[in-house]
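Asker: Quick one: structure below, then a few questions.
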Amino acid sequence: MDISDMARPLDGAGISAFLRSLPARPLLLGLGEARHFVGELGELRNEVFRYLVEHEGYRSFAIESDCLRGLVVDDHITAGAGTLDDVMERGFSHRFGTVPANRELVRWMRAYNEEHGEKLRFFGFDGPLEYWAESPRQALIGLYELLDGPFTDAVATRETLETLLGPDDRWSDEATAMDPSRSMGRSADAKRLRLIADDLVALLDTQAPQLSPADRERAALYGRTAVGLLRYHYWLADASPARWTRLSALRDAMMAANLRAVAENGPALVFSHNLHLQRNKSDMSFGEHVVEWWSAGALTAAHLGDRYAFLASAFGTAGGDAPPRTPSRASCPRSRGTAPSSTPAAWPGPSRSPLRASPATSPTSRWTRPSSRRSTASSSSSRPSSWRR
């Protein structure tokens, strides 16, 4: 199959046509990128989101960034909290706050909300993770405070929580990524915190009616993040060959749980690496091994079915499958069994990426527009290539 048969122009009319070709109106529309920090795609993404807001009724935007930091951005665009500079510094992970297109998106969303009664929402849907993970303090304490009352003290006192958590740096040690012995994820304190987190989430289920809708939403985020982080730390301390398979799967499972929550505020545009949004299994080379796990998109689709749709994008062409050089369309779909598409070539010329075209296995499409500059391949690493920032 020729790539040009699957590619479509990434513009408003093309997106509307794609949405109307689907069996159901999606609650989540994923727009994937083959590589982070490609400025032109960020600008085009902003144009797409503005079109979706103005013509298709979209009201939420989600990005592959720390879900807890995302609260800072959402508070800014909905209520004007903080300055734009402060929001860009504190509201994004993975250095995404330095991206000019993200700054412009936040500025536009805030300006839109100042003029409209129905507010736009912003969400980060990644966990507080890199290769290592942050302390569960913010999530656990945040949930505890929202549930404040006699029942929380029956689970654990605030003093007990603080003692078990200890200093944050003992959780967020970057060395744990490659050295399981440095992780405290299977310590006695961590094991006890996992039980407390489970009890607090169960308490939320019984006390939800006493909370406002906004507090329920935030408490649920704190709860699933606390549980997810403690589970992730547990597997950071694992020394078996299954370690990176489990960690990769857990990260995408946390993403998928957050995306299901975003869907409650849909329709929403979701922006992330193609690897996380595709419906099929993800895989990556890790030394001599290939790690496979179900992506966040696959997990989300299992719950939402036709209410989840995904568009993969890339700048450039894909080896011998490249269409003729025209400035109107190109595509770099990734097929299972190849390396993650973190090294796309830019238009024009053949790609050095091992990507190959393959028919979609579910209602998806591949979108892109040509870049005016040439992209270079990223260097190899012993760390999971899908997590390069």
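The values are calculated or read from the model by the stated rules, or taken from the named source; none is laboratory data. Quantities reported herein were computed from a predicted structural model and do not represent experimental measurements. Counting neighbours? That spans all protein chains shown, and the Cβs are built from the backbone with ideal geometry, glycine included. To get the accessible areas, we keep the full protein, side chains included, count just its heavy atoms, and leave off ligands, DNA and RNA. Shrake-Rupley method; radii C 1.70, N 1.55, O 1.52, S 1.80 Å.
Okay, residues lined up against (1) open to solvent by less than 10 Å² (accessible area, probe 1.4 Å); (2) in contact with a Gly (Cβ under 9 Å, 6 or more places away or on another chain); (3) of a type in the set (D, E, K, R); (4) at pLDDT below 95:
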{"residue": "Arg224", "(1), (2), (3), (4)": "no, no, yes, no"}
{"residue": "Leu230", "(1), (2), (3), (4)": "yes, yes, no, no"}
{"residue": "Asp238", "(1), (2), (3), (4)": "no, yes, yes, no"}
{"residue": "Pro241", "(1), (2), (3), (4)": "no, no, no, yes"}
{"residue": "Asp252", "(1), (2), (3), (4)": "yes, yes, yes, no"}
{"residue": "Met255", "(1), (2), (3), (4)": "yes, yes, no, no"}
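Asker: Are any residues in the stretch 109-123 open to solvent by 10 Å² or more (accessible area, probe 1.4 Å) and not hydroxyl-bearing (Ser, Thr, Tyr), and if so, which ones?
Answerer: Arg110, Ala111, Glu114, Glu115, His116, Gly117, Glu118, Lys119, Arg121, Phe123
Asker: For the stretch 163-173, give me each residue that is assigned to a helix (DSSP H, G or I) and either open to solvent by less than 30 Å² (accessible area, probe 1.4 Å) or under 12 Å from Ser135 (Cα atoms) (or both).
Answerer: Answer for the stretch 163-173, where residues must be assigned to a helix (DSSP H, G or I) and either open to solvent by less than 30 Å² (accessible area, probe 1.4 Å) or under 12 Å from Ser135 (Cα atoms) (or both): Leu164, Leu165, Asp168, Asp169, Arg170.
Asker: Consider Asn280 carefully, then state whether it is touching a residue at least 60 places away in the same chain (Cβ under 8 Å) and either over 30 Å from Val53 (Cα atoms) or surrounded by fewer than 23 Cβ atoms within 10 Å (Cβ to Cβ) (or both).
Answerer: Values: touching a residue at least 60 places away in the same chain (Cβ under 8 Å): yes; either over 30 Å from Val53 (Cα atoms) or surrounded by fewer than 23 Cβ atoms within 10 Å (Cβ to Cβ) (or both): yes.
The answer is yes for Asn280.
Asker: Inspect all residues belonging to the stretch 9-24 and state whether any of them is touching a Ser or Thr at 6+ places or on another chain (Cβ under 7 Å), open to solvent by 10 Å² or more (accessible area, probe 1.4 Å) and of a type outside the set (Lys, Arg).
Answerer: Yes: one or more hits.
Asker: To continue, here is another question. Any chance the stretch 138-158 includes a residue that's surrounded by fewer than 22 Cβ atoms within 10 Å (Cβ to Cβ), over 25 Å from Asp215 (Cβ atoms) and not β-branched (Val, Ile, Thr)?
Answerer: no
Asker: For the stretch 16-38, enumerate the residues that are modelled with pLDDT under 90 and either part of a helix (DSSP H, G or I) or on the phi > 0 side of the Ramachandran plot (or both).
Answerer: The one that is modelled with pLDDT under 90 and either part of a helix (DSSP H, G or I) or on the phi > 0 side of the Ramachandran plot (or both): Phe37.
Asker: Test Leu105 against the criterion of being under 21 Å from His36 (Cα atoms), of a type in the set (A, V, I, L, M, F, W, C) and assigned to a helix (DSSP H, G or I), and give yes or no.
Answerer: yes
Asker: Taking the stated definitions as given, is Gly42 farther than 17 Å from Ala263 by Cα, touching a His at 6+ places or on another chain (Cβ under 7 Å) and not basic (Lys, Arg)?
Answerer: It is false that Gly42 is farther than 17 Å from Ala263 by Cα, touching a His at 6+ places or on another chain (Cβ under 7 Å) and not basic (Lys, Arg).
Asker: Still on this structure, I have one more. Looking at the stretch 40-63 only, could you name the residues that are surrounded by fewer than 22 Cβ atoms within 10 Å (Cβ to Cβ) and not in a helix (DSSP H, G or I)?
Answerer: Within the stretch 40-63, Gly57, Tyr58, Arg59 meet the criteria.
Asker: Same structure, new question: Which of the residues that make up the stretch 190-220 are more than 26 Å from the chain's Cα centre (by Cα) and either exposed (fewer than 13 other Cβ atoms within 10 Å of the Cβ) or over 30 Å from Arg243 (Cβ atoms) (or both)? Even if it seems obvious, please write down each step before you answer.
Answerer: Just the residues of the stretch 190-220 that are more than 26 Å from the chain's Cα centre (by Cα), to begin with: 191-192, 195-196, 199, 203, 206-212.
Once the filter is applied, which keeps residues that are more than 26 Å from the chain's Cα centre (by Cα) and either exposed (fewer than 13 other Cβ atoms within 10 Å of the Cβ) or over 30 Å from Arg243 (Cβ atoms) (or both), the stretch 190-220 yields Leu195, Leu203, Thr206, Gln207, Ala208, Pro209, Gln210, Leu211, Ser212.
Asker: Going by the conditions given, is Ala263 crowded, with 24+ Cβ neighbours inside 10 Å and within 22 Å of Phe122 (Cα to Cα)?
Answerer: It is false that Ala263 is crowded, with 24+ Cβ neighbours inside 10 Å and within 22 Å of Phe122 (Cα to Cα).
Asker: Exactly one of (1) more than 25 Å from His303 (Cβ to Cβ); (2) in contact with a Ser or Thr (Cβ under 7 Å, 6 or more places away or on another chain) is unmet by Gly32. Its number?
Answerer: (1)
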